[in-house]
Structure formats: C-alpha cells, structure tokens
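As structure tokens, the structure follows; a few thoughts come after it.
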Amino acid sequence: MYLRFILIATFLILSIDLYYYRALKSFVKNYNSILKNTLKISYWIFTLSTIAFMFFAASYFLEQTPPPKFARTYVMGTIMIIGVSKLIGTLFILIYDLIKFIIWIINKTPSKNNNSENKISISRIDFIKKTALIASIIPFSTLMFGVLKSAFDYTIHNQKLKIPNLPNAFKGLKIVQVSDIHSGSFISTEPLEKAIKMITDEKPDIVFFTGDLVNEITEEVLPFMDTLSKVTAPMGVYSILGNHDYGDYFYPKDDLESKKHNYDLMKAVHKKLGWKLLLNENHIIEKNNERLAILGVENWGSELRFPKLGDIDKAKKGCLDEDVKLLLSHDPTHWDAHVLPNHPDIAATFSGHTHGMQFGVEIPGFKWSPSQYIYKNWAGLYSEKQQQLYVNRGLGFLGYPGRVGILPEITVFELA
C-alpha cells in the first residue's frame, strides 16, 4: 500500500516539477551562466532528494517501524509546503499556456485584417510565466510562518455553556477540553509542558480529552507520560479514543494481533495517566445529592474510512432519564448522524477531529477554513433543537507541522 502511494506521489511530484521548471527557466534566463546553472541543478537535486526520502520513509513503514520523528514531522512537512507552493505557481503557468493557445488560434485564424502587423505578440504575456515563481513565495512564506510561529501558539477559548435543567450543584462548574494532541508529532516535551501548565493554571473541576492521543501507534505517547500525567482535576479527567488511536493507519488491516496490542496498550496508557477512559460507557458525578452524567463513546465517523465503534445506547446504560448528559465523541459528524435525531436527552457533545484544517481565518464576525467544505460543524459552538456541540480545534498537528489562522486550542467552559 505504502509503495503504491509513493509511486503515485513520485509521478505527481515529477509532473508538477517538470511543469514548474519552465517558470524557473524563464525567471533566471537573464542571470549569468554560473548562477543560472546552479539554480537549475539545485532545483532537480531537491526534487530527486524528495523522492528518495519518500522511498526511505516508505521502507520504514513496510517494516512496521515509524521513520525518525524529526524526518517524519518536519522533513515531510517542508516537502509538503514546497509542493503546495509549487502547485499554486503552476496555476499561473496554466493561465499562461491557455492565453498562449488562444493567441495562437487568433493569429492562425484567416482574416482580412489579420496581417503580420496586427498579430498579437506572445512575448507580451511572458510576465505571467515569471509571476509563477513570485506567486509561490506567498504560500511558502505563510505556511513556514505557521510552522515557526503558530504551531505552539496555544490559545485559550473561554465559553459559557448554558445547559437546560442543569442541577444547581453544577452551576459554575469549570470544564477544560483538550483534543487531538497527536503526540507523535512532538519532537520534545517542551511545547506540551507549556500547554499542560496553561491547563493546570485554569484550575478546572473536570478535564475532557476528546481523542487522537497519537498519530499511528500507542508507543508514540510513551515519552510524554510524565508530562501528560500532570493533567489532573478534582472531579476527574475523562477521555475517549479518536480515529488515530486504534493503529489502523499503521498496521495492515488483517494484522489483528498488532491492533489488539495497540488497543490494550492505549487503555493501559490512559489508566496510568489517571484518566478515566470511557469506551461506550458513562461516569456519574454526584454532588449535593444531584447528578451529572459524563458519557464517552469510541470513535464514530460518517466517512467510510473512519471506525464506527461508538455506541451511545450502550454508553447510556445506568443513567436515569432525568440525568443531564454530556457526551464525549471524537468526530463531530456523529452529532448530526446520531445524537440529534436519536438522543434528544444529550444536552451537549464535545468533539475534536477536524483541527479546523490547521488553516483559515478567524476574526470577530468572520470564520473561514477549507475544513468547512468537508465538515458541517468544524470549529467552535453549534446549537440545534436545544442541544449543543462544541468542536475543539485541537492542541497538536498532523501532516502540516504548523498552524495558520486556526491556532491550537484549550477550551475553558463554565456551565450555567
């Protein structure tokens, strides 16, 4: 599977690079020969190095051993950033070729007014081809800024959450939600230490973790156990699993033994951290003879490629009809597909998963991200039929090792 993916990626990279190379040649054609040749050779050395690295990384996956973390996170991230930047640049070359073709058709079309003096000059549009290189600098600079500045720019979102029929004992309760840590993307504990301190400084009554502790396998989190174990709360830390926590993206589909090992180790990790892992079950918090039900389900996503293991009916067993129920479910599509139509007694659902695509714009009165073209509910608070959903933007990152506009989030709720 990995080899097929790498072969497809190689074909796409070479196709883009061959096309983009035309812009480079046009841009440097007036440079002196030494500089011009140096830039051209460097261009192809980088391209071939990218392909070689992908085959190197694939060999690790074929042996079921993750490649070195720095290479996987930042080398692949840089390759992705450059690839996206080149892709945007090629759009200008496509525009150039389209205009060039139209001009060629016009010039070839017989006309009594179409003499040699009236023919349109193709050289006049050469600036479009040269602009491709400049156009690539904008996304490259933006995405690199997101890596160097915003990846660990943890942001606290304060959210008052009005819960119908909330018992008086729980009014003013402070809940901190964290999601999508993706510990496999961290190469040191320092950023997580900063985030954990921000969480503990809030002095929450309860902490929710809504899935995706790792990228691929449970072993990724082991170096961060001491740091994560500092997350505590007097009424408990409650956690669930996300789609990345099952080992499905690393172990072959038929390797059930390895997946079981991954699952069992993941449960052991949550237990050692002191987190109450809710696997289609609930925990009742009692205070002053009043109750609050915390439900947690395994991952359920509407897309075919995501596990569909969440069982809300099972998670409700032992709850009373009158209990105020708060649900932890990693994928927000679960809310639309099952919570709203079938479980009107669930007051609020807490999700993550989308990361807000780690890219977008959020300013007062305006919010946009490519994520909204995939997910109906992708960041922040949503409400319908007196039920609420909060989608956390995630603490970590995956794939692209940065954030642009959509910053890593720690959510602080006050129940009312």
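The values are calculated or read from the model by the stated rules, or taken from the named source; none is laboratory data. Given the structure is predicted, the values throughout are model-derived calculations rather than measurements. Neighbour counts run over all protein chains shown; Cβ positions are idealised from the backbone, glycine included.
Computed values, structure above
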| quantity | calculated |
| --- | --- |
| Region 240-288: number of residues that are closer than 27 Å to L320 by Cα and either assigned to a strand (DSSP E or B) or touching a Pro at 6+ places or on another chain (Cβ under 9 Å) (or both) | 12 |
| Of all residues in region 129-143 being more than 18 Å from V361 (Cβ to Cβ) and out of contact with any Phe, Trp or Tyr (no Cβ under 6 Å at 6 or more places or on another chain), the one that is modelled with the highest pLDDT | F140 |
| Filter result (in a strand (DSSP E or B) and not acidic (D, E)) within region 398-416 | V404, I410, T411, V412, F413, L415 |
| Criterion (modelled with pLDDT under 80, surrounded by fewer than 15 Cβ atoms within 10 Å (Cβ to Cβ) and outside any loop (DSSP other than H, G, I, E, B)) met by exactly one of F61, F5, F46 | F5 |
| Those residues of region 342-397 which are of a type outside the set (S, T, N, Q), farther than 18 Å from S185 by Cβ, touching a residue at least 40 places away in the same chain (Cβ under 8 Å) and not in a strand (DSSP E or B), in sequence order | P344, G360, Y375, K376, W378, K385 |
| Total residues in region 359-378, condition surrounded by 16 or more Cβ atoms within 10 Å (Cβ to Cβ) and closer than 19 Å to A337 by Cβ | 5 |
| Any hit, region 241-263, residues being surrounded by 15 or more Cβ atoms within 10 Å (Cβ to Cβ) and in contact with a strand residue (DSSP E or B) (Cβ under 6 Å, 6 or more places away or on another chain) | no |
| Scan of region 188-216 for residues that are out of contact with any Lys or Arg (no Cβ under 9 Å at 6 or more places or on another chain), modelled with pLDDT of 95 or more and surrounded by 18 or more Cβ atoms within 10 Å (Cβ to Cβ), ordered by number | P191, L192, A195, V207, F208, F209, T210, G211, D212, L213, V214 |
| In region 390-400, the residues that are buried (at least 24 other Cβ atoms within 10 Å of the Cβ) and on the phi < 0 side of the Ramachandran plot | Y390, V391, N392, R393, L395, G396, F397 |
| Of the criteria (1) at pLDDT below 95; (2) among the small types (G, A, S); (3) assigned to a helix (DSSP H, G or I), which one S116 fails | (3) |
| Filter pass, Q387 being over 28 Å from A71 (Cα atoms) and in contact with a strand residue (DSSP E or B) (Cβ under 8 Å, 6 or more places away or on another chain) | yes |
| Some residue of region 290-306 being within 19 Å of M235 (Cβ to Cβ), in a strand (DSSP E or B) and without any contact (Cβ under 8 Å) to a residue 40 or more places away in the chain | yes |
| Contacts under 7 angstrom Cβ, first residue in region 251-262 being basic (K, R), partner surrounded by 12 or more Cβ atoms within 10 Å (Cβ to Cβ) and assigned to a helix (DSSP H, G or I), 6 or more apart | K259/Y246 |
| Breaking point among (1) out of contact with any strand residue (DSSP E or B) (no Cβ under 8 Å at 6 or more places or on another chain); (2) within 20 Å of H334 (Cα to Cα); (3) buried (at least 22 other Cβ atoms within 10 Å of the Cβ), for G296 | (1) |
| Qualifying residue in region 175-188 (condition: of a type in the set (S, T, Y), assigned by TED's automatic domain parsing to the domain that holds Y19, within 18 Å of the chain's Cα centre (by Cα) and not in a loop (DSSP other than H, G, I, E, B)) | no |
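Rundown of residues vs (1) in the same structural domain as Y249 (by TED's automatic domain parsing); (2) touching a helix residue (DSSP H, G or I) at 6+ places or on another chain (Cβ under 7 Å); (3) within 23 Å of H182 (Cα to Cα), yes/no style:
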residue	(1), (2), (3)
G310	yes, yes, yes
L326	yes, no, no
P332	yes, no, yes
S371	yes, yes, yes
E384	yes, yes, no
Q387	yes, yes, no
P401	yes, yes, yes
P408	yes, no, yes
